[in-house]
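Participant: Quick one: the structure is below, and I'll ask about it shortly.
The values are calculated or read from the model by the stated rules, or taken from the named source; none is laboratory data. What you are looking at is a predicted structure, and each value in this text was computed from that prediction instead of being measured. Counting neighbours? That spans all protein chains shown, and the Cβs are built from the backbone with ideal geometry, glycine included. Note: accessible area is taken over every heavy atom of the protein model, side chains too, but ligands, DNA and RNA are not part of it. Shrake-Rupley method; radii C 1.70, N 1.55, O 1.52, S 1.80 Å.
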Amino acid sequence: MADIELIITNATIATASDILPNTDIAISNGKIALLGTNLPSLFPNAPTLSADGAYVLPGGVDSHVHLQQDNSPTGDTWETGTRSAIAGGTTTVLAFASQKRTDESLFPVVEEYHRRADGNAYCDYGFHLILSNPTEPILDNELPVLVRDEGISSVKLYMTYQPMRLRDSELLDVMSATRALGMTTMIHAENADMIDWMTKRLEARGRVEPYAHALARPNIAEDEATYRALSLAQLADVPILIVHMSSSVAAGHVRRAQTKLLPVHAETCPHYLFFTAEKLRGEHFHGAMCVCSPALRESPMDLDAMWDGLVNGTFTTFSSDHAPSKFDHPLGKKKGTSTFTQIPNGLPGLETRMPSLFSAGVQTGRLTIQKFVELTASNPAKLYGLSNCKGTIAPGFDADLVIWYPTPEQAKAAGSPEKAMKPFKLSNDMLHHDIDYTPFEGMEFGNWPRYTILRGKVVFDRDNGGIKGVKGDGAYLKRGRSTLSAPRGVFVNEFNPYEGEAQAVAEA
């Protein structure tokens, strides 16, 4: 066996299926080489790092991150965004290479995003493609090359936002192409015409404050678009993922489709678990900080439904949708003081994604530790073509690991009760992004990553200076096909309430 570079001792390993207490992890050449007990006795010269009985989990995979896009001039760069990722236990991010409506080719788009990311990332990364001008040459000639040569195996499509919105027929065209290539198709589902109609009427009545953003994007806009996206996907027989879901009714549409065994996936985000539209109120325009789309919902029942969806499997992944803009900046959130339509959309959340779910989910008993791993690491790795190297703890996989602080019970069992973390209230100055606020300001956290390890290297040590990695540690990931879903083939439309009508599947 090759030289052992590091041994993690006294770990409580958790994967999406198992919990392995009192286990050691040997790392060689950036990979997990061996799991076992008393490994230091086999490799006496190898350095060790004790987990003190705490959970050791796979490095987080955040599959929905916006970094250094042109439409977010005050957001995080690849350097600052990925720096915050490792401080929150995320070792892989999948961000977006965004096509403009005027771009006639995807090749320069991908080349430009490579230029922005190359040598600047603290963690491993890959790209999704945002398609806003899906011409026939792009779908027929360019997508196959990008899948084959770049390992870009996913696209994102918008049903709203005028610069990126696609018509239903365009969505079907893209779905037909992605089906043939085995790509994962992500969809932002909101009814654009409903939102435009509501926005005009609110502005006419002088309702232009941040809270009106939620009034302009009601649940029903997400509900209708979600049902329509599912119907289009079923017609094209293509697996889809509905991104950043927030509405209980829309989640119900997804759940019913899944019970019919349709290849439908969904994700939700931290802000839809913790915040209602009340966060959009506030003096001095501070409500603008929490403007995002879909909007934060009025009813706590929607928040409860998102939690339920995490537990019952409606949601395949849990992402941050990190899409921040500074607040106190001429181009930031404050610029919307004349009307909510000018407020940049999106929230910071990359660093707080895993700690917020761990604290409010695992530590309260609302989520099992296995479900936590499934949502934050294993499923996104499988869904986006990384199941050969990311998302679990097993020999041969990348040694991407997160060592948490031991719970009081774990610390006591390990004979080190002082190692348990004392709960603390978060402030923005504790975080590592380049944004001047966090929506989680003042929220109590009961745990946080103590160490983050990227391919065998300790890149974050919370108790000893924090960031230990450097920009450039992160490598670009060429991804394969999803191992989590595939088209079903010819079927009868069981999802549509109009029964008995055979559906012709588009030729691949």
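Participant: Looking at TYR122, is it outside any strand (DSSP E or B), open to solvent by 50 Å² or more (accessible area, probe 1.4 Å) and within 22 Å of SER320 (Cα to Cα)?
Facilitator: no
Participant: A further question on this structure: Here are VAL93, VAL110, VAL56, VAL61: which of them is at pLDDT 95 or above, open to solvent by less than 10 Å² (accessible area, probe 1.4 Å) and assigned to a helix (DSSP H, G or I)?
Facilitator: On inspection, the qualifying residue turns out to be VAL110.
Participant: Contact list please: Cβ distance under 7 Å, first residue in region 460-476 and β-branched (Val, Ile, Thr), second residue in a strand (DSSP E or B) and open to solvent by less than 20 Å² (accessible area, probe 1.4 Å), pairs at least six apart or on different chains.
Facilitator: Sorted first by the residue in region 460-476, then by its partner, the pairs are ILE467/PHE460.
Participant: Yes or no: region 41-50 includes at least one residue that is in contact (Cβ under 8 Å) with a residue 40 or more places away in the chain and either part of a helix (DSSP H, G or I) or aliphatic (A, V, I, L, M) (or both).
Facilitator: So far as region 41-50 goes, yes, one or more of its residues are in contact (Cβ under 8 Å) with a residue 40 or more places away in the chain and either part of a helix (DSSP H, G or I) or aliphatic (A, V, I, L, M) (or both).
Participant: Right, here's the next one. Out of THR226, THR199, which single residue is of a type in the set (Val, Ile, Thr) and open to solvent by 10 Å² or more (accessible area, probe 1.4 Å)?
Facilitator: THR199
Participant: Could you list, in sequence order, all residues of region 252-290 that are on the phi < 0 side of the Ramachandran plot, open to solvent by 10 Å² or more (accessible area, probe 1.4 Å) and small (Gly, Ala, Ser)?
Facilitator: GLY252 - this is the single residue of region 252-290 that is on the phi < 0 side of the Ramachandran plot, open to solvent by 10 Å² or more (accessible area, probe 1.4 Å) and small (Gly, Ala, Ser).
Participant: Any chance region 311-330 includes a residue that's at pLDDT below 95 and either among the hydrophobic types (A, V, I, L, M, F, W, C) or farther than 25 Å from ALA85 by Cα (or both)?
Facilitator: Looking through region 311-330, at least one residue is at pLDDT below 95 and either among the hydrophobic types (A, V, I, L, M, F, W, C) or farther than 25 Å from ALA85 by Cα (or both).
Participant: Going through region 1-33 one residue at a time, which ones are of a type in the set (A, V, I, L, M) and either under 25 Å from the mean Cα position of the chain (by Cα) or open to solvent by 50 Å² or more (accessible area, probe 1.4 Å) (or both)?
Facilitator: MET1, ALA2, ILE13, ALA14, ALA16, ILE19, LEU20, ILE32
Participant: Hey, can you tell me all the residues within region 152-182 that are part of a loop (DSSP other than H, G, I, E, B), within 27 Å of ARG481 (Cβ to Cβ) and free of Cβ contacts under 8 Å to residues at least 60 places away in the same chain?
Facilitator: Within region 152-182, just LEU166 meets the criteria.
Participant: Within region 153-162, is even one residue aliphatic (A, V, I, L, M), closer than 28 Å to PHE340 by Cβ and surrounded by 22 or more Cβ atoms within 10 Å (Cβ to Cβ)?
Facilitator: Yes; the residues of region 153-162 include at least one that is aliphatic (A, V, I, L, M), closer than 28 Å to PHE340 by Cβ and surrounded by 22 or more Cβ atoms within 10 Å (Cβ to Cβ).
Participant: Taking only region 440-471 into account, find how many residues are touching a Gly at 6+ places or on another chain (Cβ under 9 Å) and assigned to a loop (DSSP other than H, G, I, E, B).
Facilitator: 5
Participant: Still on this structure, I have one more. Go through region 382-423 residue by residue and tally those that are among the hydrophobic types (A, V, I, L, M, F, W, C) and more than 25 Å from the chain's Cα centre (by Cα).
Facilitator: 5
Participant: Kindly establish whether GLU136 is modelled with pLDDT of 95 or more, open to solvent by less than 30 Å² (accessible area, probe 1.4 Å) and farther than 19 Å from GLU190 by Cα.
Facilitator: No; evaluated as a whole, the condition is false for this residue.
Participant: Is it the case that some residue within region 472-479 is in contact with a Gly (Cβ under 9 Å, 6 or more places away or on another chain), of a type in the set (Phe, Trp, Tyr) and farther than 15 Å from GLY53 by Cα?
Facilitator: Yes - at least one qualifying residue is present in region 472-479.
Participant: Six or more apart or on different chains, Cβ atoms under 9 Å: show the pairs whose first residue is in region 403-418 and under 20 Å from ILE453 (Cβ atoms) and in a loop (DSSP other than H, G, I, E, B) and whose second is open to solvent by 90 Å² or more (accessible area, probe 1.4 Å) and among the aliphatic types (A, V, I, L, M).
Facilitator: Pairs that qualify, where the first residue is under 20 Å from ILE453 (Cβ atoms) and in a loop (DSSP other than H, G, I, E, B) and the partner is open to solvent by 90 Å² or more (accessible area, probe 1.4 Å) and among the aliphatic types (A, V, I, L, M), are PRO406/ALA413.
Participant: Follow-up. Does THR74 satisfy the condition of being open to solvent by less than 10 Å² (accessible area, probe 1.4 Å), over 20 Å from GLY472 (Cβ atoms) and assigned to a loop (DSSP other than H, G, I, E, B)?
Facilitator: So THR74 passes the test.
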